[in-house]
1. Applying a 10 Å radius around every beta-carbon, put 276-286, 342-352 in order of their mean neighbour count, most first.
2. What residues qualify as long-range amide H neighbours of V126, i.e. H under 5 Å apart, gap of 5 or more or another chain, H built at 1.01 Å from N?
3. Would you grab the residues whose amide H sits under 5 Å from the one on E11? Only those 5+ places off in sequence or on another chain, please, with H modelled 1.01 Å from N.
4. Label 7 Å along Cα→Cβ of A194; region 288-314 residues with amide nitrogen under 18 Å?
5. Quick check on region 401-498: take the gyration tensor over C-alpha atoms, sort the square-rooted eigenvalues as a ≥ b ≥ c, and tell me if it's rounded (a/c under 1.5), prolate or oblate.
6. Pull up the DSSP beta bridges for the chain and report the antiparallel fraction as a percent, rounded to 5.
7. Give me, ordered by chain and number, the residues 5 or more places off S238 or on other chains with an amide H under 5 Å from its own placed amide H.
8. What is the gain in length, in nm to one decimal, between E33 and S238 on full extension, counting 0.36 nm per residue of separation less the C-alpha to C-alpha distance?
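Derivation of every value follows stated rules applied to the coordinates shown; laboratory data play no part. Only a predicted model underlies this, so the values are computations on that prediction, with no experimental measurement involved. Backbone-built Cβ (ideal geometry, glycine too); neighbour counts: all protein chains shown.
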Amino acid sequence: MGLMKLDLRQESGRHSEALDAITKYLDMGMYSEWDEEKKLEFLTRELKSKRPLVPPTIQVTPDVKEVLETFRVAAELGNDSLGAYVISMASNASDVLAVELLQKDARLAVSGELGRPCPGGTLRVVPLFETVKDLRGAGLVIRKLLSIDWYSEHIIKNHSGHQEVMVGYSDSGKDAGRFTAAWELYKAQEDVVAACKDHKIKVTLFHGRGGSIGRGGGPTYLAIQSQPPGSVMGTLRSTEQGEMVQAKFGMPHTAVRQLEIYTTAVLLATLKPPERPREEKWRNLMDEISKISCQSYRSTVYENPEFLAYFHEATPQAELGFLNIGSRPTRRKSSTGIGHLRAIPWVFAWTQTRFVLPAWLGVGAGLKGVCEQGHTQDLKAMYKEWPFFQSTIDLIEMVLGKADVPIAKHYDEVLVSDKNRRELGAELRRELLTTEKFVLVVSGHEKLSENNRSLRRLIESRLPYLNPMNLLQVEILKRLRSDDDNHKLRDALLITINGIAAGMRNTG
């Protein structure tokens, strides 16, 4: 008996590696080298076949064996104990059919060994669209899948005509900046909902949010109420990060309160969906802000040759590895670049320095650019009348209230050795002040969190504890980097990391 169904999750590339091994063994070539149409033709043909695909005599690498064994365990347990199979970094229809094929093959093999059908039904397969590029193609992928006869029949027969789609907030934010990610996520959800509606398939959107604003976090009610109209039709799934579970569900009365918030928000979004943008012009302005914001963000994070070294020096990113927390490695591949760094340590490191850069970088440039084009009044109208735009600006305003320029400057002065990198830090601090200025212009507020006094009091009440911990952390980092085997310094650093995370109410 299972008290709670568990989801499985694997990166799409791992399934391609498994199919590579199988097609190579069968002298069919390398699956990963085929174009999308050839992959779909092969996968659809095999899914319709009644014979197993994987020969029992096949010899595979440990990585491929792990993938195949996972499907065997899933076949043995069925959907009585397991829920969804989530495909991270999904980008094509073939990514979904590949999992359906490996799942089908494992169930055939296990059924043959048991001499009876596998227990339970097949797991629902959930593509997770994470990068900006993949979010832009999400609607087309779902349309392609539902246009395949085998797949649409499978969804209707085995999953009651219900498709689940997951959208990722973390990697899209790291890829293009918070504002661009928010807008692309909004449009991707619209596209997915429209695709499912056209094929008369129900859809549940699964939101892969983090605890921090930089990874899609924020007040639950506000987040649900600002979803695109029609995207919350009585159902919604969302992740809760480990550090937020204790805060939201640690005690019975807070857990009940959170469930009330979720239920109320979902019911209201279903019965009275939020307003669409009143004018097409508003969508065009969002595209323009997003374009400028993304260019500004990427020119700093990915194109500035000094940024990576600055990031490593000005934050405790490297030292976060001393913490025995997290269920995944900090990097997807053994590369030092930002692209392969996972979103959690990326956000966590900047949160520690109180710079909170992933949540606001690029936003100021985007708002400033559109305001200077003469659209300030349009942005003010959008803020008043469009829930999505208002919640986006409010979340950025909230995180700006947590940022602290003098503290971030102190990290640079003590830890950053190169003059050019220190100048980069100064430039980023000026960008933070620009962002604050234009967020206040759009919201009409005189100061940050003006309409949320309780939050301002909460932030201010923590400063007497947070500021000394940041000063201590800077000094400890300075000493530890010249004496990295000093375990007393390591222990002291971990205490400051935990303390600052508690004070900021976020890890990553």
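1. Working: 276-286: 15.5, 342-352: 25.0.
In descending order of packing, they fall as 342-352, 276-286.
2. Long-range HN contacts for V126: Y85, V86, I87.
3. Here the answer is S88, since their amide H atoms fall under 5 Å of that of E11.
4. 288
5. On the way: a/c = 4.29, a/b = 1.57, b/c = 2.74.
It is oblate, given that a/c is not under 1.5 and a/b is not larger than b/c.
6. Values: 1 of 21 bridges.
Beta bridges within the chain, antiparallel portion: roughly 5 percent.
7. H207
8. Values: separation 205, 0.36 × 205 = 73.80 nm, distance 3.48 nm.
In short, 70.3 nm is gained.
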